[in-house]
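Everything on this sheet refers to the single structure shown next.
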Amino acid sequence: MDKTIEETRLDVREQYAEIAARGVSCCGPAEAEGGGCCGVSPAAEIDAKRLAEAVGYDADELAGSPEAANLGLSCGNPIAIAALRPGQVVVDLGSGAGFDAFLAGPKVGESGRVIGVDMTPAMLDRARANLASYRESTGLDNVEFRLGEIEHLPLADASVDVVISNCVINLSADKPAVWAEIARVLKPGGVVAASDMALFRELPEAVKGKLENWIGCVSGAVLLDAYVGMMEASGLGGVKVVPKPAYVEALCASDDPLYRAIKADLPEGEEPGDYITSVDVEAVKGDKGGGEGVSLSLACSGPDCC
């Protein structure tokens, strides 16, 4: 029987509370076989830093965020998409231990503000514990973290210049509500820049039905056309959802147990990269102009994917 929205939310909250409590990389070496949210075993040759580099962060960016803030939860680099400027108000949806929020802080400067929103109290505790290190290294006090659900943001209407998010929207069981909230809190002309997961085609039921895949950012993903449709239905314009295969490639190459299990449930000869992709997501509030929409040119289905 399908889970309700609230049951799914509780499952995700409990799993991310466990990640926060362990304080280990989600997609890096875990304490036991399949122990991470992405299932990586001790033998897997990838860690949080290497995964971040694989999805687009450079060494300088990684050095600019407290090391304890990177739990390996990224599937892309929304900071690179957002083109942040001094003085902007930025909201990070599902901010976790604060990784992207701390990277955004210096870019908006003393006159700007970064607000991380997360529904897991244990993650908020970790993020707030990292604030002292951030303030000491940057001299800035412009980042804060709030408890809240991304379907019900603790923010006023039209109060935000930029919304960022990293591999979180796919975890929501009510994605139209998330996009409606993003549109509500953005100022006219404000932008959303996110990294997320989506599908080239529907996953087999054997894959979709496994709870751990929600936490591994797979079975919550929707088809690319549906993703674009939800964004446009919220009133956002200039929508771009562009596939980026690097995340799936990196986890497949590391023999990640979750992706290995997905492959085992696929028809013979098919690979996870034939179905699943990370995506760069952009849109503007109030821009009804013709965005580039979905490009499938980066689909990864060859032997180098998995």
Looks like region 66-154, by Cα gyration tensor root eigenvalues a ≥ b ≥ c and the a/c under 1.5 rounded cutoff (else prolate when a/b is bigger than b/c, oblate otherwise), is rounded
Residues meeting the amide H criterion for residue 163 (H placed from the backbone, H to H distance under 5 Å, 5 or more places apart or on another chain) are 91, 191, 192, 193
Provide the gained length on full extension for the span residue 152 to residue 140, in nm with one decimal, where the gain is 0.36 nm per separating residue minus the Cα-Cα distance.
-> 1.5 nm
Is the shape of region 128-174 rounded, prolate or oblate, going by the alpha carbon gyration tensor and its root eigenvalues a ≥ b ≥ c, with a/c under 1.5 for rounded and a/b larger than b/c for prolate?
-> prolate
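Is the C-alpha gyration tensor of region 85-223 telling us rounded, prolate or oblate? Criteria: a/c under 1.5 is rounded; beyond that, a/b larger than b/c is prolate, otherwise oblate.
prolate
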Do the alpha carbons of any pairs in 187/244; 187/285; 175/240; 107/285; 175/244; 175/208 sit beyond 19 Å of each other, and which pairs?
-> 187/244; 107/285; 175/244
With each label point set 7 Å from Cα along the Cα-Cβ vector, what nm distance links residue 270 and residue 60?
-> 4.3
Report the label-to-label distance for residue 132 and residue 83 in nanometres (one decimal), using points 7 Å from each Cα along the Cα→Cβ vector.
-> 3.9
Which far-off residues, 5 or more places away or on another chain, put their amide H under 5 Å from the one on residue 223, with H placed in the peptide plane?
-> 199
So what is log10(I(q)/I(0)) for region 84-133 at q = 0.24, 0.31, 0.32, 0.33 1/Å, when the Debye sum runs over its Cα atoms only?
-> -0.82, -1.12, -1.15, -1.19
Each label sits 7 Å from Cα toward the beta-carbon; between residue 232 and residue 205 the label points are separated, in nm, by 3.1
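Values in this text are rule-based calculations from the coordinates and carry no lab data. Quick caveat: nothing in here was measured; it's all calculated off a predicted structure. Heads up, the Cβs are rebuilt from the backbone with ideal geometry, glycines too, and the neighbour counts pull from every protein chain shown.
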